[in-house]
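The values are calculated or read from the model by the stated rules, or taken from the named source; none is laboratory data. The structure displayed is predicted, hence computed values, not measured ones. For neighbour counting, all protein chains shown are included, and Cβ atoms are generated from backbone atoms with ideal geometry for every residue, glycine included. Note: areas computed on protein heavy atoms with side chains; ligands, DNA, RNA excluded. Shrake-Rupley method; radii C 1.70, N 1.55, O 1.52, S 1.80 Å.
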Amino acid sequence: MELPEEILAHIFSFLPLWDKCNAFTVCRRWNSTMTYPSAWRQTEIRCDSEIGVPERFSEFLPLVRNLKLSVSVSSSENRRTGLEVLRQALAGGEGRLRALCVNCLGNPPLFYAGQDLLQGLLDALTAASSLTELDLRGVPFTLSDAFVKGVVTLCPALRSLFINNGSLVCGVGGETVRDVLRLCPGLTALGVFQASLSQDVLQDLLLPRRPALKQLELRCERSLKYTTPLPDHTWAQVSRMHPALAVDLELDHTLPELHVPSVLQPSIPVRHLRLLTWTWLLDEVRLVGRSYANTLEALEVQTPPSAELNEALVELATRCTRLREVHCYCVVSPEVVAAFRKHCTDLRRYTLKTRKEPHPWTCTSLR
Ligand SMILES: *[C@@H]1O[C@H](CO)[C@@H](O)[C@H](O)[C@H]1NC(C)=O
């Protein structure tokens, strides 16, 4: 069967760059289809070898609307190629590029902190005023206030911005997040380190005419020990003002145990919760069951096993019935598995093991 060229072009749009390049050479029909702008709508480009983008394909880069750029950071040559690709996608694109996701591959050289990459990114973004989505979660370098301020100054149309990689330390302060909100008035999704949020940031979210925030991704790590906890009553106000808001929280193993309770404020509309602290989390699991019963859709827990934990998890299962996923990285009792399967009717995937298995633990999918 012959597919119409428009449909073929749509299918090709899902191919990464090198496969797109190969498609050119298959036959004349494919060759002509590849020149449709829709074939280039979304494109993933990996710069992980010394080969740059062949000359004849650079002319198509300005057609890309959603670009996922994966750059191997191990050599400066790859980083240069990556930035060159971005420049070409932006230059002459007449504001076509809408979404950019940057992902770093490989191990950075010792003492390399990504300066050339970040500066190059900033330089390229001077032509990106049309950008509405920027995802830098895959960039494992500490981002500075100056960098983030630069980005939002250049890209005021951003509707989503993610800068929450689990890199070294949080380098972005509350005043910068306030600038983000001020300079990008249409922002509805934001991912940051929780240490970058201040009481003032939350107050800014309460200002009249602030568009509804829909997603907030927060990484909670060691930098939180230098900050003042955000009070529950302010979270309550924020979730009243932004009724569609869903918060995704990740607590990692660098967060001191002492600070875990102050992160888990009951009025946060938590949708996804990753408790990866490796500490005892009994009270926390009980608290989660009570506080987030109406919003929680996915839970991950990394904590030592115990009979009390099993009880707490059974109780949580009876309350958090909207859960679609639960992953517990310690052995649990059969009652825990039965409770989640019985009460959480939307459950799709779970990792609940009743005895120790070799790693990595596989997860069970339902339906
Ligand atoms: C941070 O970036 C690295 C490299 O791209 C990636 O492997 C890792 O998953 C990222 N971390 C987060 C929390 O996104």
With all protein chains modelled, accessible area of residue 349 [1.4 Å, Å²]: 100 Å²
Quick one: Cα centre-to-centre distance for region 112-141 and region 67-97, in angstrom? 10 Å
Region 82-135 - percent of accessible surface contributed by carbon and sulfur, probe 1.4 Å: 53 percent
From largest accessible area down, sort 242, 233, 359, 10; use a 1.4 Å probe on the protein chains. 359, 233, 10, 242
Please give the charge dipole size of the chain, origin at the Cα centre, charges +1 on K and R Cβ atoms and -1 on D and E Cβ atoms. Round to the nearest 20 debye. 780 debye
For the chain, the charge dipole (Cβ of Lys, Arg +1; Cβ of Asp, Glu -1; about the Cα centre) points to a positive end, and the Cα of 211, 4, 333 closest to that extreme belongs to 4
Using +1 on the beta carbon of Lys and Arg, -1 on that of Asp and Glu, and nothing else charged, what's the dipole of region 18-163 about the Cα centre, debye to 20? 520 debye
Dipole-positive endmost among 352, 310, 280 within region 240-367 (Cβ charges, Cα centre): 352
In 10 Å bins starting at 0, how do the alpha-carbon pair distances of region 303-356 split up by percent? 28, 61, 12
So what is the orientation-averaged projected area of region 40-148, using the convex hull of its C-alpha atoms, in nm²? 6.3 nm²
Förster-model FRET efficiency, 45 Å R0, residue 76 and residue 306, C-beta, rounded to 0.05: 0.35
Under 15 Å from a point 7 Å along the Cα-to-Cβ line of residue 2: which residues of region 26-40 have their amide N that close? 27-33
Amide H neighbours of residue 327 at under 5 Å, excluding residues fewer than 5 places away on the same chain, with H built from the backbone geometry, are 299, 300, 301, 351
For residue 345, the accessible surface traced by a 1.4 Å probe with all protein chains present amounts, in square angstrom to the nearest 10, to 100 Å²
Region 143-286, Cα convex hull volume normalised per residue, Å³: 96 Å³
Over region 269-367, with every protein chain in place, what whole percent of the accessible area is carbon and sulfur at 1.4 Å, could you tell me? 50 percent
Rg to Rh for the chain: what is it, with Cα atoms only and Rh by Kirkwood? 1.01
Could you work out the per residue convex hull volume over the alpha carbons of region 59-210, in cubic angstrom? 93 Å³
Scoring only Lys, Arg, Asp and Glu (+1, +1, -1, -1) among other residues with Cβ under 15 Å from the Cβ of residue 272 yields +1
Just to be sure I understand the model, the point goes 7 Å from the Cα along the line to the Cβ. What's the resulting residue 253 to residue 207 distance in nm? 4.1 nm
Only Lys, Arg (+1) and Asp, Glu (-1) charged, at Cβ; region 255-367 dipole about Cα centre in debye: 500 debye
Report ³J(HN,Hα) in whole Hz for each residue of region 214-224, in order, from the Karplus equation J = 6.51 cos²θ - 1.76 cosθ + 1.60 where θ = phi - 60°; Gly and Pro get x. 10, 9, 10, 9, 10, 9, 10, 9, 4, 4, 5
Qualifying lysines (Cα of each under 20 Å from Cα of residue 20; at least 8 residues distant if same chain): 68
Do me a favour and compute the ellipsoid semi-axes for region 269-367 from its Cα gyration tensor, root of five times each eigenvalue, largest one first, whole Å. 18, 16, 12
Going by Cα centres, region 9-29 and region 325-345 are how many Å apart? 44 Å
For the chain, what is the accessible area per residue in Å² when the probe is 1.4 Å? 47 Å²
Per the Kirkwood treatment, what hydrodynamic radius in Å, one decimal, follows for region 18-96 from the mean inverse distance over all distinct Cα pairs? 13.0 Å
Using amide H atoms built in the peptide plane, which far-off residues or other-chain residues are under 5 Å from residue 217 H to H? 190, 191, 192, 248
